[in-house]
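A.B. asks: I'd like to ask you about the structure that follows.
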């Protein structure tokens, strides 16, 4: 599996147009529905009377139990069919929130999330969330209403070429042209989202198609032939890679988001422990290995730990699993892991040698290939001295921060206070910015699918709706006592805080911790480091009082200004049965460190502001 990136997918190896022409029915290649009560394999089909009912029946047949969306004219027939459905629908305040909630739901539940929107602005409001899911390879199905087919291309009211707009940011998208096949199209899209390298799919649903009569109920949800890749890497390639690992003096595992998406965390942990190989992760790979494990060096990259970046700089054999080697991880490509031979495991061949040359490419499922490697390695590498060196780096570059009495509350202290007060299975969501970095640096992650954030696209505003999706997923999975914490920044929180109304309406037990420094903090940090301190458009001292805003929504609102207020506020919020917002007023001048300047070498990270 791979972290993210909009690349040609395994179901479209030539990178051809994945959307069908409106004049060409649904253009999916899906078999025509027969309209029979039972298909040729004896699988029961329900009864439907409209295209919209076929859409909903397809969701039910595929196993979807929750959808997030916003009503509107062109999608109204589908919503009407949802009225008596087993699919639970959560009305969001904005379509962007629906997409992010569906994305996070899928991350936590391990199955595609579903979002719905109407045509035109409804569909375009989904675009940020779809692009976010695409960059992070998150399985998601978007269903969008569309004007009737006779009006398509005529600039009708609330018409947008949704298929064209979303073509670059979906794994595959469809224009559903016939009521008799629309159910099978939706079932195929749902399944395809999670086959091979996950990603978002979209079905555009003209209103005349969903309103039209049909007796063709959908059959079992299946992906198109040829889209489910072989999970096994080529045996000879595995043997060659195994010999390289055996001979390494300084081996290092790098586990990316694909380890988690491929449900390969157990295999990854077993591999590292069996051969006693130190581990670092990418940000999307956080939680794949417990950060308290003696072998774990935490995550690497621009704001990763010093010891992780030093290990990458000095390893002679990098075993990279499910990562696309994005620029926030690598810094300058020429200086990334300069002494290493690279073993790269990924389900998507497009990622092999795209950014970092793979000396030993292994194309296949993360867990399966790790098991192949484990069986092929005859003896562990002799790496006692290397492990000692990694431990020395951990002692040399600890993740610490100062708390002077004459300076405001430090945001890192807040993150650690929540970490100490909650269980290991707590789910953390974030927006994007400094708060995101602190939440990833100062929380000790032990389990996969507990870190839910926006990585490749870097979407401010992701945290609040993601927390809603994560909370609903945990509740649906039968775990209502599990804590969900959203760390957000003041700028990021302001972008999607309208979704707090949803959390209140649904009585969702979520704690929102706003690390309020009255800046777009990461921009301010870069302006201080690289733009001579000119704070153009980054000063956010015009923020509202978020605790008062929370109360206006009907949530619990708390304001915290000092260290002695943190523990009581955390306890009160966690004990409150419902959504709570704590407005932590933190040091506006605090920076995220370590930091590798953009394009720099991982081993040359700054540990203080004056080193930038």
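Values quoted throughout were computed directly from the atomic coordinates according to the rules given, and no laboratory measurement underlies them. Treat the numbers as computed from the prediction; the structure is a model and nothing was measured. Here the Cβ positions follow ideal geometry from the backbone for every residue, glycine too, while neighbour counts run over all protein chains shown.
A.B. asks: Can you give the % of DSSP beta bridges in the chain that are antiparallel, to the nearest 5?
C.D. replies: Close to 5 percent.
A.B. asks: Kirkwood hydrodynamic radius (Cα pairs, Å) of the range 411-593?
C.D. replies: So the Kirkwood estimate lands at 16.2 Å.
A.B. asks: Dividing the alpha-carbon Rg of the chain by 2.2 N^0.38 Å yields what?
C.D. replies: Its radius of gyration relative to the 2.2 N^0.38 Å reference: 0.97.
A.B. asks: 222 nm [θ] for the chain, helices only, -39500 (n - 2.57) per DSSP H run of 4+, per residue, to 500?
C.D. replies: My calculation for the chain gives -10000 deg cm²/dmol from helical runs alone.
A.B. asks: Also, quick follow-up: Using the count of nearby Cβ atoms within 10 Å as a rough guide to exposure, how do 296, 486 rank from fewest to most?
C.D. replies: 296, 486
A.B. asks: Among 502, 56, 127, which comes first, then next, by fewest other beta-carbon atoms within 10 Å?
C.D. replies: The fewest-first ordering by Cβ neighbours comes to 127, 502, 56.
A.B. asks: Going by how many other Cβ atoms sit within 10 Å of their own, how do 103, 539, 326, 213 line up, fewest first?
C.D. replies: Starting with the residue having the fewest Cβ neighbours, the order is 213, 539, 326, 103.
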